[in-house]
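The values are calculated or read from the model by the stated rules, or taken from the named source; none is laboratory data. Computed from a predicted model, the values in this text were never measured in an experiment. Cβ sites come from the backbone with ideal geometry, for glycine too, and all protein chains shown count toward neighbours.
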Amino acid sequence: MEARIRWSRRALALVATLTLALTACSGEDADEPDAPKDGDTTSASPSPAFAPAPPVGACYRLSQPQLSEAHPEAPPVPCAQPHTTQTYAVTTLAGITAPVDSTAVAATADRQCRAGLRRFVAATPARLALSRVSYAWFVPTQDDLDAGSRWLRCDVAVLRTDTTLVSLPADARGLLRRDGALNRYGRCARTNAAGITTGAGGRVCALPHTWRAIAARRLGAAAAPYPGRSVRGDVLGRCEQVSRDYTDNTTGDISVAWRPPTRAQWAAGERFGLCWTRTRD
């Protein structure tokens, strides 16, 4: 999952309730305040008013660009209606103290949401890497963060293409546990007549495709440095046999490919390289 790319500073409007005191005419200047009386106390300043934390399980009809907005504005919709994300966790940003740094918030939110996604969709790390299932995080506005608000919302989403999202079922819990889940939400691609891939990020396997990711190979631990050239390796050695097994092609020519994570993807937490095989539309 690539890091978030946009940080907005859109403050939510806070509505204050004003109490108007009506006084009876006494013949004295109404503009002069009453003198303090014995027993009067001065009320403390009210606590900061934050936008409330969003509910767990809520569904939203977001577009792909909205997944990169740090501060949510779209209202929830009933999960029985078409929607593209569902909130799988609402928690507290860990270790964020004043003064709030947006870079630290982004890194913390990304780490916390990534950790909970696999459990929610019921997938092994390798199975999740073979899918187009992703996540988005949302946090309070910068003004609310500065004032002490610390909630974090994590939503699940499925990237249909580079620019569109899949319409999710009413409850996305266990999304990748279901039979045929990777046939719908798996990681595929399509090449044109010239052999050029259309859509840099690929597409879900429910759409017509000519290539499919069929195996995920872990290349290092979470804290490991980027392995450099060793991520490339021998394509046939890594992928030929699994491709033959998948296509039931034991002796003929076969088209395979190996796609390791880039340095930027590694920095964002991606640890799997993928074996791809040629398929038919």
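Results, tabulated for the structure shown:
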| read-out | value |
| --- | --- |
| Filter result for the condition that a residue is outside any helix (DSSP H, G or I), surrounded by fewer than 20 Cβ atoms within 10 Å (Cβ to Cβ), in contact (Cβ under 8 Å) with a residue 40 or more places away in the chain and in contact with a Ser or Thr (Cβ under 6 Å, 6 or more places away or on another chain), over P99, P140, P82 | P82 |
| Long-range neighbours under 7 Å by Cβ, at least six apart or interchain, first residue surrounded by fewer than 20 Cβ atoms within 10 Å (Cβ to Cβ) within segment 146-174, second basic (K, R) and not in a loop (DSSP other than H, G, I, E, B) | R160/R203; T161/R203 |
| Which numbered condition A213 fails, given (1) under 30 Å from T103 (Cβ atoms); (2) surrounded by 16 or more Cβ atoms within 10 Å (Cβ to Cβ) | (1) |
| Scope segment 115-124; condition in a helix (DSSP H, G or I) and surrounded by 18 or more Cβ atoms within 10 Å (Cβ to Cβ); matching residues | L117, F120, V121 |
| Hits in segment 153-184 - residues which are of a type in the set (G, A, S) and outside any loop (DSSP other than H, G, I, E, B) | A157, A181 |
| Matching option when the condition is modelled with pLDDT of 50 or more, more than 16 Å from the chain's Cα centre (by Cα) and among the acidic types (D, E), among D101, D110, D29, D34 | D101 |
| Matching residues in segment 54-79 - criterion: being in contact with a Lys or Arg (Cβ under 8 Å, 6 or more places away or on another chain) and part of a strand (DSSP E or B) | V77 |
| Check on I214, of a type in the set (V, I, T), in contact with a strand residue (DSSP E or B) (Cβ under 8 Å, 6 or more places away or on another chain) and within 19 Å of V133 (Cβ to Cβ) | yes |
| Hits in segment 256-280 - residues which are free of Cβ contacts under 8 Å to residues at least 24 places away in the same chain and loosely packed, with under 15 Cβ neighbours inside 10 Å | T262 |
| Filter result for the condition that a residue is within 19 Å of A268 (Cβ to Cβ) and polar (S, T, N, Q), over Q142, Q112 | Q112 |
| Test for A189: is it at pLDDT below 95 and surrounded by 18 or more Cβ atoms within 10 Å (Cβ to Cβ) | yes |
